[in-house]
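K.L.:
This is the structure, below, for whatever I ask next.
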Amino acid sequence: MLDKKQTLLVIVALFCTYFIWGSTYLAIRFAIESFPTFLMVGLRFAVAGAVLYVVMRILGSPTPTLKEWRGAVIVGLLLPVFGNGTVTYVQHHIASSVAALAIATAPIWMAIFSSVWGHKITVREWLGIAIGFVGIVLLNLGGSLYGDLVSALLLMFAAASWSFGSVLSKHIAMPSGLIGAACQMLCGGVIALVLSVLFGEAWPQNISAKSWWAMWFMIVLGSIVAYSAYQYLLNTVRPLVASSNTFVNPMVAFAAGIWFAGETVTASEYLALAVILVGVYLILSNTENTNKLME
């Protein structure tokens with residue numbers, strides 16, 4: 001059971017992942033107007049990771065061991081690169097709100113991957129998984145992803161990679177505390193920068209003020225604050241609860257995209273959102289998940 005202080009920290013961390021990350025989908029759209037995909041992802045996470053690493057070392061966090069650095073490389077590849085990097089690439093072709101909607105399937109993947117390490121999927125969770133996949137089908141049969149099989153598959157890959165990395169991080173050697181988040185971001189950022197070079201991405205000749213503001217928003221709030229909050233949740237509560245930000249992120253992304261970028265959302269996408277969220281709700285509201293947050 002969580003004490004009062006932990007409960008308050010969990011609530012604050014959930015708030016950060018709910019609303020800051022919900023806004024980063026629009027920030028990504030603004031940033032890639034100037035920055036190429038992997039250069040943007042690499043700068044975002046390498047800078048955030050380096051800053052947080054230096055701060056945590058100054059505050060007394062121990063130097064990670066080689067084994068812990070290997071774990072950080074694996075999780076950095078799965079979360080910042082495969083997860084966030086794939087979403088960033090796909091957002092060149094689809095609206096930010098639709099990208100957030102597809103990532104709402106993360107708790108479904110979490111439930112599946114958690115079962116590999118002994119979590120028994122209940123009947124209620126299986127029902128939630130089934131309903132969630134119905135929502136995925138609806139999303140791909142109508143709206144912005146209709147006929148765009150590649151984007152749809154890439155978004156499913158991003159959600160699955162993020163979920164697998166999140167679950168895996170609880171079962172491999174990893175630096176404890178926020179320095180663990182710093183190492184993951186730093187490793188993921190460096191990998192993304194290497195990919196940027198390999199893919200021949202060049203530094204943009206003209207960077208708009210909007211892209212710069214979006215980049216700094218993602219470095220400071222989206223990475224240092226929200227990514228660290230997410231890692232705290234993964235170390236404190238069950239992965240399914242930690243991923244509950246995907247329950248709220250699509251609604252925040254929908255509102256931000258419509259209000260600030262003039263994006264449109266089709267009726268079929270609203271329907272898919274409703275169906276996916278029903279599935280996610282069934283998974284997250286499971287009595288076992290509520291009573292055993294620490295497992």
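The values are calculated or read from the model by the stated rules, or taken from the named source; none is laboratory data. What you see is a predicted model, and the numbers here were worked out from it, not measured in a lab. Don't worry about glycine lacking a Cβ; one is built from the backbone with ideal geometry, like all the others, and counts go over all protein chains shown. Heavy atoms of the whole protein, side chains included, go into the accessibility calculation; ligands, DNA and RNA do not. Shrake-Rupley method; radii C 1.70, N 1.55, O 1.52, S 1.80 Å.
K.L.:
If you go through the stretch 17-56 one residue at a time, how many are within 26 Å of SER176 (Cα to Cα) and either aromatic (Phe, Trp, Tyr) or open to solvent by 20 Å² or more (accessible area, probe 1.4 Å) (or both)?
P.N.:
Qualifying residue count for the region: 13.
K.L.:
Please work out if SER211 is under 16 Å from GLY76 (Cβ atoms), in a helix (DSSP H, G or I) and touching a residue at least 24 places away in the same chain (Cβ under 8 Å).
P.N.:
Working: under 16 Å from GLY76 (Cβ atoms): no; in a helix (DSSP H, G or I): yes; touching a residue at least 24 places away in the same chain (Cβ under 8 Å): yes.
No; evaluated as a whole, the condition is false for this residue.
K.L.:
Shifting gears a bit: Run down ILE28, ILE32 and say which single residue is touching a His at 6+ places or on another chain (Cβ under 7 Å), in contact (Cβ under 8 Å) with a residue 60 or more places away in the chain and over 17 Å from SER161 (Cα atoms).
P.N.:
Values: ILE28 fails: touching a His at 6+ places or on another chain (Cβ under 7 Å).
After ruling out the rest, the residue left standing is ILE32.
K.L.:
When you look at GLY189, is it at pLDDT below 95 and not aliphatic (A, V, I, L, M), yes or no? Before the answer, list the steps.
P.N.:
On the way: at pLDDT below 95: no; not aliphatic (A, V, I, L, M): yes.
Considered against the rule, which asks whether it is at pLDDT below 95 and not aliphatic (A, V, I, L, M), GLY189 comes out as no.
So that you can scan it fast, the table gives a plain yes or no per residue for (1) at pLDDT below 80; (2) among the aliphatic types (A, V, I, L, M):
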site: ALA214; (1), (2): no, yes
site: ALA229; (1), (2): no, yes
site: TYR232; (1), (2): no, no
site: ASN235; (1), (2): no, no
site: VAL248; (1), (2): yes, yes
site: PHE254; (1), (2): yes, no
site: ALA261; (1), (2): yes, yes
site: ASN286; (1), (2): yes, no
site: ASN289; (1), (2): yes, no
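K.L.:
Continuing with this model, one more query. Given the options SER228, SER196, SER176, SER223, name the one that is assigned to a loop (DSSP other than H, G, I, E, B) and either open to solvent by less than 10 Å² (accessible area, probe 1.4 Å) or within 30 Å of VAL116 (Cβ to Cβ) (or both).
P.N.:
SER176
K.L.:
For the stretch 1-96, give me every one of the helices (runs of 4 or more DSSP H) that falls completely inside it and has 3 or more residues that are among the hydroxyl-bearing types (Ser, Thr, Tyr) and either more than 26 Å from VAL197 (Cα to Cα) or at pLDDT 90 or above (or both).
P.N.:
86-90
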